[in-house]
Amino acid sequence: GSTILCLVAVKNSGGLSGLQDQLAAIDDSMVSVFPSGLRFGAALWIAAVFLGGLGVAGQPQVVSRVMTLKDDNDRKQAMVWFFVWQTPFIALMFLIGLACRVLLPELGVDGAETGLPKLAMEQLNPFLGGLILASIFAATMSTADSQVLACTAAITDDVKPECGQDHKTTKRVTLGVAVFVTLIALVGQQLPGFGDSVFQLVVLAVYGLGGIFVPLLLVRM
């Protein structure tokens, strides 16, 4: 779905050269390798991007998968699979984001969160547009589900290991965690500055969990 949307969006933007020209006309900084006005130079910006990626290792649902690897060969295989899928996906999303600025100029910078579904609905037929929307919700639910299960395991396996073998208790803990997370989401929506942007919450979560758990993981490794 991402590949189809990217090809259609870039084509309708006039190809790669046309896209670059139109982006330069909107804002020169969008065709620069580094962002403009970097206060501490490019080196710190590159380090921040790297640390943001490293912060993913602080997410419990990711760490739990790493913990199931049997040996170093499994780790290498997992690494190859990750980069084979993630690298082109990031490149596609990057191009789609740039195409949004050209094809949906009314959104501007503030429309970053709604750009992908709006672009899909406008540039693709209804079936493919629905496929893109379904993929967004699937990715969201997959992460949320994994987080809830990771929190459940932390309680039933670490805090209260005697409950780990009781299926009914485990189910109750899972339900309790899900309700608690839902309440956090509902309350968070009402907080100024937090309920306005999903991107802000995601960045805060990734860097926050990364800052808490990644140093600990590195020491353990």
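At-a-glance table
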quantity: Within straight-line cross-link reach of Lys76, lysines at Cα separation under 26 Å, skipping those fewer than 8 residues along the same chain; calculated: none
quantity: The stretch 139-188 shape via C-alpha gyration tensor axes, a/c threshold 1.5; calculated: prolate
quantity: Part-to-part distance (alpha-carbon centres) for the stretch 1-54 and the stretch 149-194, which is given in Å; calculated: 38 Å
quantity: Among Ala205, Ala57, Ala139: highest mean-square fluctuation, GNM of the chain, C-alpha pairs under 10 Å; calculated: Ala139
quantity: Kyte-Doolittle mean at least -1.0 and Cα axial length at least 18 Å: DSSP H helices in the chain; calculated: 41-54, 72-103, 126-153, 167-188, 198-220
quantity: Helix-only [θ]222 nm of the chain, DSSP H runs n ≥ 4, -39500 (n - 2.57) each, per residue, nearest 500; calculated: -25000 deg cm²/dmol
quantity: Solvent exposure, largest accessible area first (probe 1.4 Å, DNA, RNA and ligands not counted), of Phe213, Phe50; calculated: Phe50, Phe213
quantity: Cα centre as origin, Lys/Arg/Asp/Glu Cβ charges: the chain dipole, Debye; calculated: 440 debye
quantity: Residue with peak Gaussian network fluctuation, the chain [Cα springs, cutoff 10 Å], from Asn73, Asn125, Asn12; calculated: Asn73
quantity: Only Lys, Arg (+1) and Asp, Glu (-1) charged, at Cβ; the stretch 5-100 dipole about Cα centre in debye; calculated: 260 debye
quantity: Set of lysines with alpha-carbon distance to Lys171 below 30 Å, sequence-local pairs under 8 removed; calculated: Lys70, Lys160
quantity: Average accessible area per residue (Å²) across the chain - probe 1.4 Å, nucleic acids and ligands excluded; calculated: 70 Å²
quantity: Value of Rg to Rh for the stretch 159-221 (Rh from inverse mean 1/r over Cα pairs, i.e. Kirkwood); calculated: 1.12
quantity: Most fluctuating residue given options Gln22, Gln147, Gln200, as computed from a GNM of the chain linking Cα atoms under 10 Å; calculated: Gln200
quantity: Within the accessible area of the stretch 1-138 (1.4 Å probe), percent carbon and sulfur; calculated: 68 percent
quantity: For the stretch 1-85: rounded, prolate or oblate by the Cα gyration tensor [a/c cutoff 1.5]; calculated: oblate
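The values are calculated or read from the model by the stated rules, or taken from the named source; none is laboratory data. From a predicted model like this one, the values you see are computed outputs, not experimental measurements. Using ideal geometry, Cβ is built from the backbone for each residue, glycine included, and neighbour counts are taken over all protein chains shown. We work out accessible area using only protein heavy atoms, side chains counted, and drop any ligands, DNA or RNA first. Shrake-Rupley method; radii C 1.70, N 1.55, O 1.52, S 1.80 Å.
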